[in-house]
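Notes to accompany the following structure.
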Amino acid sequence: MQPIIVSEHVTWVGAIDWDLRDFHGFETPRGSTYNAYIVRGADKIALVDTVKTFYVDELLSRISKVVDPAEIDLIVVNHIEPDHNSGLRDVMAACPKARVVATASGAKGVFEYHDGLVIDTVSADDVIDLGGVTLNFLPAPMVHWPDSMFTYCPEDAVLMCNDAYGQHLASAERFADEVGETDALEELRIYYANILMSLGMQIGKALEKVEAAGWKPEIIAPSHGVIWRGETVAKAVDAYRLWGSGKLLDKVVVVFSTMWGSTDTLARAIADAITAEGVDVEVYDLALTPLAHIMRDVLDSRGILIGTPTLHRGMLYRVAGFLQYLGALKAPGRIAASFGSYGWSSGATKEVDDRLTAIGIPVAQDPFTQKFRPTEAELEAARAWGAEFASKVKAAGVEQPAVEGQPAQA
Ligand code: FEO
């Protein structure tokens, strides 16, 4: 694929990772891209962001179709996570005269990751003039790591914001309107839920800083997936504002794992009762559904129900994996409870509740458990238990209309 013109002075020169299927545990069935941009002024040339080590050749090949890499004057490191930064040394070798800049914490991270590599720092006060075209900077800590930064080219109104507004979507098209707005927004949602869900407060602050700086981007060029332009810009910004607000819906995600079908049967009965209470519900068998897809629905759900039978006195391993994944994302503002069947011994639901408490999600009611196959009377009791949880979800919404995110571990 050729480089793609983004605006008068900005050209996409990134790499397409068609094969990516796992991004530190986040299932990525549609791959991803590592976007990088050449910005050309009358006097100087900048490269904003680099790529993963394996994709340096692809990046340099694409850059070479626009400019001689040896002529690049500036490399901007918006974020030091290895998907963007691991190829930095190799890119620098091809751009020997380039000054390299990042935030202060970005420079510290580059020094540590790249065995003593020293680069310069920039802050919100700095403007780099490329000759009639400028680059402005805003630190955006925790969007996605402490070092993260947004770079803005006001002459073209292009915001290069790295992970923010990204999607794990490999495609031949480079713009959201080309892949289809609905598809792009869905991938934006999945990315946000799995990478940024716990960071609503920091994202809100970053968006406020963009406004306070007077930046009015007409093009949002992230470092993953497609670029937002035209009417899709406002759609993406509105989506981030909504998710960043922490507003949750009267909605319950029911996740479960099952051995012989009893916990599955309970999940369906409980879901029916939740629906009957006027609360939206989504049901997922953890053996059949990627966690990334489940988190898409956890994003705006106030309730989470977790079903597991007891195996060796504990929960099934997929349930443990779900709780570990959920704990990393924090999911502030939700309430939860557990259910499941057991045979010769019980104990799984207690283990689930203990884990929920440990990750900071309140357990709203005692577990629902039953032995072997649920009888009709037990299913009726399960329905009543689900209805009780639905009423608590609705009540929690009245008491707590919105919550702010909390910092997560990167
Ligand atoms: Fe795309 Fe936080 O790295």
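Among residues of segment 241-266 being open to solvent by less than 10 Å² (accessible area, probe 1.4 Å) and more than 24 Å from ALA396 (Cβ to Cβ), the one that is nearest to the chain's Cα centre (by Cα) is SER257.
Scanning segment 84-107 for residues that are surrounded by fewer than 19 Cβ atoms within 10 Å (Cβ to Cβ) and within 23 Å of ILE203 (Cβ to Cβ) turns up ALA104, SER105. Residue count for segment 267-288 satisfying the condition of being farther than 24 Å from PHE372 by Cα and surrounded by fewer than 17 Cβ atoms within 10 Å (Cβ to Cβ): 3. Assess whether PHE111 counts as being farther than 25 Å from ASP17 by Cβ, free of Cβ contacts under 8 Å to residues at least 12 places away in the same chain and either assigned by TED's automatic domain parsing to the domain that holds LEU74 or within 16 Å of the ligand (Cβ to nearest atom) (or both). So PHE111 fits the description; yes. Pairing each residue of segment 10-25 that is in contact (Cβ under 8 Å) with a residue 12 or more places away in the chain and in the same structural domain as ASP57 (by TED's automatic domain parsing) with any residue that is assigned to a strand (DSSP E or B) and within 13 Å of the ligand (Cβ to nearest atom), provided the two are 6+ apart or on different chains, yields C-beta distances under 6 Å for GLY14/THR33; GLY14/TYR34; ALA15/TYR34; ILE16/THR33; ASP17/SER32; LEU20/SER32.
Could you tell me how many of the residues in segment 31-76 are within 13 Å of the ligand (Cβ to nearest atom) and either open to solvent by less than 10 Å² (accessible area, probe 1.4 Å) or modelled with pLDDT under 95 (or both)?
Taking segment 31-76 as the starting set, the residues that turn out to be within 13 Å of the ligand (Cβ to nearest atom) are 32-36, 49-52, 55.
Next cut, either open to solvent by less than 10 Å² (accessible area, probe 1.4 Å) or modelled with pLDDT under 95 (or both) only: 32-36, 49-51.
Residues that pass the stated criteria total 8.
When ILE304 is tested against the conditions (1) assigned to a loop (DSSP other than H, G, I, E, B); (2) open to solvent by less than 40 Å² (accessible area, probe 1.4 Å), the lone failure is (1).
For first residues located in segment 167-191 and touching a residue at least 24 places away in the same chain (Cβ under 8 Å), partners that are open to solvent by 10 Å² or more (accessible area, probe 1.4 Å) and aromatic (Phe, Trp, Tyr) and lie 6+ apart or on another chain with Cβ distances below 7 Å form the pairs HIS168/PHE23; ALA170/TRP18. Within segment 185-205, at least one residue is open to solvent by 10 Å² or more (accessible area, probe 1.4 Å) and farther than 29 Å from VAL77 by Cβ. Residue pairs whose Cβ atoms lie under 9 Å apart, separated by 6 or more positions or on different chains, with the first residue in segment 77-99 and without any contact (Cβ under 8 Å) to a residue 40 or more places away in the chain and the second within 9 Å of the ligand (Cβ to nearest atom), are ASN85/HIS79; GLY87/TYR34; LEU88/ILE80.
Answer yes if at least one residue in segment 166-180 is surrounded by fewer than 21 Cβ atoms within 10 Å (Cβ to Cβ), more than 16 Å from the ligand (Cβ to nearest atom) and over 26 Å from PHE23 (Cα atoms), and no otherwise. No, there is no match, as no residue in segment 166-180 is surrounded by fewer than 21 Cβ atoms within 10 Å (Cβ to Cβ), more than 16 Å from the ligand (Cβ to nearest atom) and over 26 Å from PHE23 (Cα atoms). Restricting the search to segment 219-237, which residues are farther than 17 Å from ASP183 by Cβ and surrounded by fewer than 20 Cβ atoms within 10 Å (Cβ to Cβ)? Selection gives ALA234, VAL237. Being surrounded by 24 or more Cβ atoms within 10 Å (Cβ to Cβ) and within 16 Å of the ligand (Cβ to nearest atom) is a description that applies to MET149.
The values are calculated or read from the model by the stated rules, or taken from the named source; none is laboratory data. As the structure is a computational prediction, the values presented were derived from the model and not from experiment. Positions of Cβ are generated from backbone atoms using ideal geometry, with glycine treated the same way; all protein chains shown enter the neighbour counts. Side chains included, ligands, DNA and RNA excluded: accessible areas come from the protein's heavy atoms. Shrake-Rupley method; radii C 1.70, N 1.55, O 1.52, S 1.80 Å.
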